[in-house]
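Worksheet for the structure shown next.
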Amino acid sequence: MMAVSQQDLALIGAIADGLPRTARPYRDVGARLGLDEAAVIDGLKSLIDRGVIRRFGVVVRHHTLGYTANAMAVWDVPDDDVGRIARKMAEVPYVTLCYRRPRRLPQWRYNLFCMVHGVARDAVRDQVEHLAGRLGLLETPREILFSLRQFKQRGAHYLTCERAAE
């Protein structure tokens, strides 16, 4: 069990439902906690460095922004090359997620997944083909799986002492 201070718990609780949508969200979180902006940023860095918070990022609501053609491109790449290919995929601006998953043979042969968002399905198909060409994967088996439904997206929620008592 790692040591977590009361200030750590207060900071986790303050961001549990997301950062304020303001020009200076860390300053505004700090104002609620009696901390300055730098202390909030340093506190979050410390939580990440210690592994208390594993990821800190943004949940983008693609539909709200007009990106309604959302697809998971799945690839069957050689296992010994998946890390290198995934790193190159993740560098492409229109790839928003890229990760490896185990194959589930014989039903599921794919081991590399990347998310592509677009305003039209044809544009997404073109981006996936461009990606295949750019990375030398034109002959690599792949599929493009378009989203049929939108699920509620939310960030990570951490259990703090205050929430545990509720």
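Read the figures in this text as sums done on the coordinates, not as results from a lab. Since the structure is predicted, the reported quantities are computational estimates derived from the model, not experimental observations. Cβ sites come from the backbone with ideal geometry, for glycine too, and all protein chains shown count toward neighbours.
Couple of notes before you dig in:
- Counting neighbouring Cβ atoms within 10 Å and putting the fewest first, the residues S5, S46 line up as S5, S46.
- Counted by Cβ distance under 10 Å from D36, the other residues give a net charge of -1, where Lys and Arg count +1 and Asp and Glu count -1.
- Among 37-43, 120-126, the order from most to least packed when residues are scored by Cβ within 10 Å on average: 37-43, 120-126
- Label-point separation, Q107 to D17 (7 Å along Cα→Cβ), nm: 3.9
- Cβ-to-Cβ counts within 10 Å put E129, E139 in ascending order as E139, E129, the fewest first.
- ³J(HN,Hα) computed for each position of the range 48-54 - Karplus, 6.51 cos²θ - 1.76 cosθ + 1.60, integer Hz, glycine/proline x: 5, 4, 7, x, 5, 10, 8
- In sequence order, the range 77-93 has phi-based couplings of 9, x, 4, 6, 10, 4, x, 4, 5, 4, 4, 5, 4, 5, 7, 7, x Hz under the Karplus curve 6.51 cos²θ - 1.76 cosθ + 1.60, θ = phi - 60°, and Gly or Pro positions carry x.
- For the range 69-146, the relative contact order comes to 45 percent (Cα pairs under 8 Å, sequence separation of at least 6).
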